[in-house]
Each structure stands twice: as structure tokens, then as C-alpha cells.
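Visitor: My structure is below; once you've seen it, I'll send some questions.
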Amino acid sequence: MSLSSIDLHTDPAQFPGMDVYAVAGNPISHSKSPAIHKRFSEQSNQSMHYGRLQPALGEFAATAKSFFVAGGKGMNVTIPFKLDAQEFADVLTARAQLAGAVNTLRIENGKIFGDNTDGAGLVRDLSAQGIKIQGARILLLGAGGAARGVLGPLLEQSPKELIIANRSSPKADELVQLFSELATTYQAVLASVTLSDLEGSDKTLSPFDLIINATAAGLSNESPVSDIAASHIFIPQSFAYDMVYGKVTAFMQQALHRGSRVSDGLGMLVEQAADAFLIWRGAHLNKSIDPRAVLSELRS
Ligand code: NDP
């Protein structure tokens, strides 16, 4: 393995005769992915090891290369390496190209394939929670990698309207341009605003059926929306989804205060992992794994 990476018992050479996978991120010690994949492998009787890798910043490609050369079969990629992973892959799936980022790598005949399962994971988690995207008015907060990753799969469900609100407008405008053709195909209205626009009295900006927080604000215990904006966008019929998981964020609290239903992003994490697992181990295992049971175990 590359000396610059922290190898957390993940060197494939240490597991002869076993297929080895890993999640790479920095930091990575908090990752729940090893526990999730361990449960999937138990549920489907797969003999495999899934560990953690913490490449140094700027060293993703060197670490990933060492991992695959040493026999690694597949890798999940998280913050801050999803763009590096996209560059590292030899071949990209259509959805990875659209997402502009890769969270799942696999090797086949010496070629590295890059995919992105984040958006599919979000859509499945929303569906499992009874949320209908078709015909819905959606507010997507944020225009970073996570927002871009979920835009395609959300639009493909034909929402009535999808508004992207970001702190800085150029990034949100760029996403609208990139996805306008797809929006037209699925007959969805796609537009961008700034977070401060949400404080205005424009009736078209309030309220929403589904509000997705894809900003990193929750990590620092902040909400991306002010209380004034919150009073416009949430109603009791709204569903507020924060991609950050493991806590009730300030964004979720604002929504709860207005009677809306809320969810954190743990289900998305489990569902995107399920897709990665099936990509690596075979789609036929679909019936053998139970992501919702794994989610319940993680929550208990
Ligand atoms: P990026 O760094 O690519 O983007 C961050 C986004 O958050 C930008 O739109 C940025 O706005 C915005 N932002 C950051 N801080 C604030 C703030 N204080 N107020 C308002 N906006 C803010 O990160 P990602 O898109 O990759 O990740 C976003 C979040 O989603 C992370 O918390 C991550 O953990 C989570 N995530 C969860 C997943 C899951 O499976 N549950 C999967 C993927 C991501 P600006 O452009 O103005 O800087």
C-alpha cells in the first residue's frame, strides 16, 4: 500500500483467498460503511472483507492504485475524494458522468469502472419512507457534490418542480444549465435561487412537499435556511430530509417546529451501500440482502 495512506487493516495481501473491499475517505474512522457491508455479506453468505482506507489529501490515486494492484476488488469513495475517484476510473457509467462524481469503483479485466449510487440510494430511501417524488414540489438546498449526485435520479422521477437553492448562486445556476435537458425530458420545472431569496415573499418559493438539505451546514450544527425562510418553506404536509445522519440537525428542528415530518440521511447511506454491494457481488443477491433491516439495526 502507499506509505502516505493510513492502511486500516485493508491491505488485500493480508486476506489471502478472500475478496477485499474498502471505503476511502479522509477522515474515515467514523464511517459506518464497514458495518453495513459486513451485515450485507452475512445476510447473503458472501465471504469478503471490507475495511477502511484514509489516503492523505492529494494521494487518492496512489492509494487506490496500490489497493487494486494488491488485489482489491472494489472501493467506496467518500468526502473529499469523489472527484479524484472520477478521474481515477477508466470507464464511467452514465449516472456517474451526470453526477460528476464517483462513489463506487470496481475492477474488471484490469479496467477500473466508476459508478455513483448516491442518487439511487436517496430515491429508494424516500420511497421506503412513503414519499412520492412524481408530481412533487422539491426544494434542494446546496449545489455541491451531493446535490449534483442526486439531481439526475430525482428528475427521472418527474417531480412537478425542482428548485435548487445555494448560498452562492453561480454553482446553483451551473447545475440548472447542466440538468435542464433532463428536466425537460421528465417535464419538470428546474430553477435556481439563493438561500436569501427564500426569505422573500415570492409565493412561488413556498411551501414545498419535499425539502432536501444537501449542504454541509449540518456538520457544524447550522441550518442553511434562516428562521424566516423556514417559516415559508415548511408546512405540516412537508417532508424535510437532511443528508447528514446520526443527529437531529438544526434544519430538522426547524421543520419539526412547523409540524413537518423529518428524516436524516442514514437510510440513503445504507441504500447507496446496497447498490454498491450488488454491483460488486451480483444483482442476483438483491433478494438476499435487506437494507431496511440493516438500517433498523444501525438505529438501535
Ligand atoms: P460539498 O463540499 O461538495 O458541498 C457543500 C455544499 O454545502 C455547498 O453547496 C455549500 O455552499 C454548502 N454549505 C456548506 N456550509 C454551508 C453553510 N454553513 N450554510 C449554507 N450552505 C453551506 O459537500 P457534499 O455536497 O459532498 O456533501 C454535502 C453533505 O451531504 C455533507 O454533509 C455529506 O456528509 C452529506 N452526504 C451524505 C450522504 C449520505 O449517504 N447520507 C452522501 C453524500 C453526502 P457553497 O457552494 O455556497 O459553498
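The values are calculated or read from the model by the stated rules, or taken from the named source; none is laboratory data. Bear in mind that the values here come from a model prediction, so they are computed numbers and not experimental data. Note that we place each Cβ from the backbone using ideal geometry, even for glycine, and neighbour counts take in every protein chain shown. Each accessible area value is taken on the protein alone, full model and side chains, heavy atoms only, with ligands, DNA and RNA left out. Shrake-Rupley method; radii C 1.70, N 1.55, O 1.52, S 1.80 Å.
Visitor: Could you list, in sequence order, the residues of segment 243-293 that are of a type in the set (A, V, I, L, M), open to solvent by less than 40 Å² (accessible area, probe 1.4 Å) and closer than 21 Å to A24 by Cβ?
Guide: M243, V244, L266, M268, L269, V270, A273, A274, A276, L278 - these are the residues of segment 243-293 that are of a type in the set (A, V, I, L, M), open to solvent by less than 40 Å² (accessible area, probe 1.4 Å) and closer than 21 Å to A24 by Cβ.
Visitor: Residue by residue through segment 188-206, note down the ones that are open to solvent by 50 Å² or more (accessible area, probe 1.4 Å) and over 24 Å from the mean Cα position of the chain (by Cα).
Guide: Correct list: S196, D197, E199, S201, D202, K203, T204.
Visitor: Given (1) outside the structural domain of R39 (by TED's automatic domain parsing); (2) among the hydroxyl-bearing types (S, T, Y); (3) within 24 Å of T117 (Cβ to Cβ); (4) at pLDDT 95 or above, identify the lone condition not met by Y245.
Guide: Going through (1) outside the structural domain of R39 (by TED's automatic domain parsing); (2) among the hydroxyl-bearing types (S, T, Y); (3) within 24 Å of T117 (Cβ to Cβ); (4) at pLDDT 95 or above one by one, Y245 breaks only (4).
Visitor: Could you grab the pairs with beta carbons closer than 7 Å, sequence gap of 6+ or different chains, first residue in segment 157-173 and more than 17 Å from R137 (Cα to Cα) and assigned by TED's automatic domain parsing to the domain that holds G144, second one more than 16 Å from the ligand (Cβ to nearest atom) and in a strand (DSSP E or B)?
Guide: The qualifying pairs do not exist here.
Visitor: I'd like the residue in segment 157-174 that is assigned to a loop (DSSP other than H, G, I, E, B) and open to solvent by less than 50 Å² (accessible area, probe 1.4 Å) and, out of all such residues, is nearest to the ligand (Cβ to nearest atom).
Guide: Within segment 157-174, the first condition is being assigned to a loop (DSSP other than H, G, I, E, B), and the residues that meet it are 157-160, 167-168.
From the residues that got through so far, the ones that are open to solvent by less than 50 Å² (accessible area, probe 1.4 Å) too are 158-159.
On the way: S158: 23, P159: 20 Å.
Here the residue is P159.
Visitor: Could you list, ordered by first residue, the pairs with Cβ atoms under 9 Å in which the first is in segment 12-37 and under 20 Å from L269 (Cα atoms) and open to solvent by 40 Å² or more (accessible area, probe 1.4 Å) and the second is of a type in the set (A, V, I, L, M) and in a helix (DSSP H, G or I), at least 6 apart or interchain?
Guide: Final answer for the pair search is K32/L266; K32/L269; K32/V270; K32/A273; K32/L298; A35/V294; A35/L298.
Visitor: Identify, please: which residue in segment 127-152 is within 12 Å of the ligand (Cβ to nearest atom) and either in the same structural domain as D275 (by TED's automatic domain parsing) or of a type outside the set (A, V, I, L, M) (or both) and is, among those, nearest to L269 (Cα to Cα)?
Guide: Filtering segment 127-152 for residues within 12 Å of the ligand (Cβ to nearest atom) gives 140-151.
Cutting the leftovers down to either in the same structural domain as D275 (by TED's automatic domain parsing) or of a type outside the set (A, V, I, L, M) (or both) gives us 142, 144-145, 148-149.
On the way: G142: 18, G144: 17, G145: 15, R148: 16, G149: 13 Å.
It comes out as G149.
Visitor: Follow-up question, since we're still on this one. Kindly indicate the residue of segment 51-75 that is within 19 Å of R281 (Cα to Cα) and basic (K, R) and also most open to solvent (accessible area, probe 1.4 Å) among those meeting that condition.
Guide: Among those residues, the one meeting the criterion is K73.
Visitor: Of the residues that make up segment 225-234, is at least one of a type in the set (F, W, Y) and either more than 13 Å from the ligand (Cβ to nearest atom) or part of a loop (DSSP other than H, G, I, E, B) (or both)?
Guide: Yes, there is a match, as at least one residue in segment 225-234 is of a type in the set (F, W, Y) and either more than 13 Å from the ligand (Cβ to nearest atom) or part of a loop (DSSP other than H, G, I, E, B) (or both).
Visitor: Sticking with this one: Criterion first (in the same structural domain as L154 (by TED's automatic domain parsing), touching a helix residue (DSSP H, G or I) at 6+ places or on another chain (Cβ under 8 Å), assigned to a helix (DSSP H, G or I) and within 14 Å of the ligand (Cβ to nearest atom)) does A274 satisfy it? Break it down into steps so the answer makes sense when it comes.
Guide: Details: in the same structural domain as L154 (by TED's automatic domain parsing): no; touching a helix residue (DSSP H, G or I) at 6+ places or on another chain (Cβ under 8 Å): yes; assigned to a helix (DSSP H, G or I): yes; within 14 Å of the ligand (Cβ to nearest atom): yes.
Spelling it out, it is not the case that A274 is in the same structural domain as L154 (by TED's automatic domain parsing), touching a helix residue (DSSP H, G or I) at 6+ places or on another chain (Cβ under 8 Å), assigned to a helix (DSSP H, G or I) and within 14 Å of the ligand (Cβ to nearest atom).
Visitor: Based on what the data block shows, is L182 within 15 Å of the ligand (Cβ to nearest atom) and either in a helix (DSSP H, G or I) or within 12 Å of I164 (Cβ to Cβ) (or both)? If you could, list the steps in order and put the result at the bottom.
Guide: Values: within 15 Å of the ligand (Cβ to nearest atom): no; either in a helix (DSSP H, G or I) or within 12 Å of I164 (Cβ to Cβ) (or both): yes.
Against the criterion (within 15 Å of the ligand (Cβ to nearest atom) and either in a helix (DSSP H, G or I) or within 12 Å of I164 (Cβ to Cβ) (or both)), L182 does not qualify.
Visitor: With the condition kept exactly as written, say whether any residue in segment 244-260 is closer than 21 Å to G51 by Cα, within 9 Å of the ligand (Cβ to nearest atom), hydrophobic (A, V, I, L, M, F, W, C) and under 16 Å from the mean Cα position of the chain (by Cα).
Guide: no
Visitor: Quick one: is L219 outside the structural domain of R137 (by TED's automatic domain parsing) and out of contact with any strand residue (DSSP E or B) (no Cβ under 8 Å at 6 or more places or on another chain)?
Guide: No: the conditions fail for L219.
Visitor: Mind listing whichever residues of segment 76-99 are open to solvent by 10 Å² or more (accessible area, probe 1.4 Å), touching a residue at least 40 places away in the same chain (Cβ under 8 Å) and over 11 Å from the mean Cα position of the chain (by Cα)?
Guide: So in segment 76-99, the residues open to solvent by 10 Å² or more (accessible area, probe 1.4 Å) come out as 78-80, 82-84, 86-95, 97-98.
Keeping just the survivors that are touching a residue at least 40 places away in the same chain (Cβ under 8 Å) gives 78-80, 82-83, 95, 98.
P80, L83, R95, L98, listed by residue number.
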